[in-house]
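Right, one structure below, let's go through it.
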Amino acid sequence: MFPVSRPRRLRTTGAMRELVAETRLHVSDLVAPLFVREGISSPQPIVSLPGVVQHTVASLVQEVQELRDLGVKAIILFGVPASKDDIGSGAFDPNGIAQVALRALHSAVGDDVVLMADLCVDEYTSHGHCGIVGADGEVDNDATLEIYCKAAVAQAQAGAHVVAPSGMMDGQVGAIRSALDDAGFENVAIMAYSAKYASALYGPFRDAVDVQIVGGGHRKGYQQDWRNARESMREVFEDIEQGADIVMVKPALAYLDVIGQVRASVDHPVAAYHVSGEYSMLKAAAEKGWIDHDAVAMEHLTAIKRAGADIILTYLTRWFAENATK
Ligand code: PBG
């Protein structure tokens, strides 16, 4: 008789469990999503995203300096303009709020923090879509690419180290890469929202950026159907072929299978976005006392890394930086 296998030997003490742990989350894995709003004089709380605010440029700069001091290596910026129009001009105006904020951040923290700029127009369009809406009411893919190229160059000029196209237009990565190169920004990287699903988990984010899609519309014409996983691989490979430096899966927890598949198939860094709805569900259940916030937060973020994400965009970044090393 062989002795019975006893995996529990490796679970006997805290030190032993630490020794054999396969996954360790580190503050440098995380990216903090931050919002900056034009025309406000003090930070505005976002009710459905407890602990997250719409910043003024000054409070944003202070937040990023504090995050830097806590060891955070990257932020991703979203702008909320004072006025919107049909084509989302604020996204590429050199004096648009995100560009103004990027310049302020770049002069305050320089290259100590990777400054990522979300590249989309939905925060800036009056209809709330991620592109230019054609006469047929659909988002016009190729007309939208021209606007994205202008936004990429404006963001790079303002000091972004990384631009992150999130609009799910076909060909967006290649178009943006060419525009950046032609403008002399060969060193500005592209983090592509490659496999981005038409998820119901973005609700609190839309509160954060004051976006309502006109006529109760949706994004199913450009974001992916959440019944599909193989389709994600096509999106990821196409983005890599077009020059993406980092590929992303979004949301995270309901898509761990997709994260795992992408990780197994490419050598590029893989990012995952732990989105607003995932964060809000955690906060709401914890506020009711139904779950232990810190324990669930660690379990969730670690699971995203275990599935294969090298980089996690999460509203929990500051919490992690402040608490996880204690
Ligand atoms: C689009 C964009 C969205 C998010 C990031 N970029 C919203 C959407 O596609 O409707 C969602 C992020 C989150 O929910 O935290 N610019």
Q. Can you give the Kirkwood hydrodynamic radius for segment 186-282, in Å, rounded to one decimal and based on Cα pairs?
A. 14.2
Q) At a probe size of 1.4 Å, how large is the accessible area of Lys73, to the nearest 10 Å²? A) 100
Q: Please list 42-48, 52-58 highest first by mean number of surrounding beta-carbon atoms within 10 Å per residue.
A: 52-58, 42-48
Q: Using a 1.4 Å probe over the heavy atoms of the protein chains, calculate the carbon and sulfur portion of the accessible area of the chain as a whole percent.
A: 52
Q: Please work out the ratio of the alpha-carbon Rg of the chain to 2.2 N^0.38 Å and round it to two decimals.
A: 1.01
Q: Quote the accessible area belonging to Ser5 in square angstrom, nearest 10, computed with a 1.4 Å probe and with ligands, DNA and RNA left uncounted.
A: 100
**Q.** Inter-part distance where segment 173-240 and segment 1-75 are each reduced to a Cα centre, Å
**A.** 23
**Q.** Amide hydrogen neighbours beyond the local backbone of Val80, cut-off 5 Å, H modeled
**A.** Val36, Arg37, Glu38
Q: Would you please classify the overall shape of segment 41-196 from the alpha carbon gyration tensor, given that a ≥ b ≥ c denote the square roots of the eigenvalues, rounded means a/c under 1.5, and beyond that prolate means a/b larger than b/c while oblate covers the rest?
A: oblate
**Q.** Accessible surface ranking that places the most exposed of Glu138, Glu22, Glu66 first, with a 1.4 angstrom probe
**A.** Glu22, Glu138, Glu66
Q) Percent relative contact order of the chain, based on C-alpha pairs within less than 8 angstrom and at least six residues apart? A) 18
Q: Run the 1.4 Å probe and let me know the accessible area of Trp319, rounded to the nearest 10 Å².
A: 40
Q.
Restricting to DSSP H runs of at least four residues, report the calculated mean residue ellipticity at 222 nm for the chain, -39500 (n - 2.57) per run over all residues, nearest 500 deg cm²/dmol.
A. -11500 deg cm²/dmol
Q. Do any of Lys150/Lys220; Lys196/Lys305; Lys73/Lys305 go past 22 Å between their Cα atoms, and which?
A. Lys150/Lys220
(Q) Tell me the Kirkwood radius of segment 1-88: reciprocal of the mean inverse pair distance over distinct alpha-carbon atoms, in Å. (A) 17.0
Q) By the gyration tensor of its Cα atoms, with a ≥ b ≥ c the square roots of the eigenvalues, what is the shape of segment 145-245: rounded for a/c under 1.5, prolate for a/b over b/c, or oblate? A) oblate
Q. Restricting to the chain, what percent of DSSP beta bridges are antiparallel, rounded to 5?
A. 10
Q. Can you list residues whose amide H is under 5 Å from Gln54's amide H, if they're 5+ apart or on another chain and H is modeled 1.01 Å from N?
A. Gln44, Ile46
Q: Give a residue-ordered list of calculated ³J(HN,Hα) values for segment 12-24 (Karplus: 6.51 cos²θ - 1.76 cosθ + 1.60, θ = phi - 60°; whole Hz; x for Gly, Pro).
A: 6, 10, x, 5, 5, 5, 5, 4, 9, 4, 8, 10, 10
(Q) Tell me which of Gly171, His293, Gly14 sits at the most positive position along the dipole axis of the chain, charges placed on C-beta atoms (Lys, Arg +1; Asp, Glu -1). (A) Gly14
Q: Would you mind checking which residues have amide H under 5 Å from Leu30's amide H? H placed 1.01 Å from N; only 5 or more apart, or other chain.
A: Lys73, Ile312
Q.
How much accessible area per residue does the chain have, counting only protein heavy atoms and a probe of 1.4 Å, in square angstrom?
A. 46
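The values are calculated or read from the model by the stated rules, or taken from the named source; none is laboratory data. None of the values given here were measured: they were computed from a predicted structure. So basically every Cβ, Gly included, is an ideal-geometry build from the backbone, and we count neighbours across all protein chains shown. Quick note on the areas: whole protein, heavy atoms, side chains included, nothing else; ligands and nucleic acids left out. Shrake-Rupley method; radii C 1.70, N 1.55, O 1.52, S 1.80 Å.
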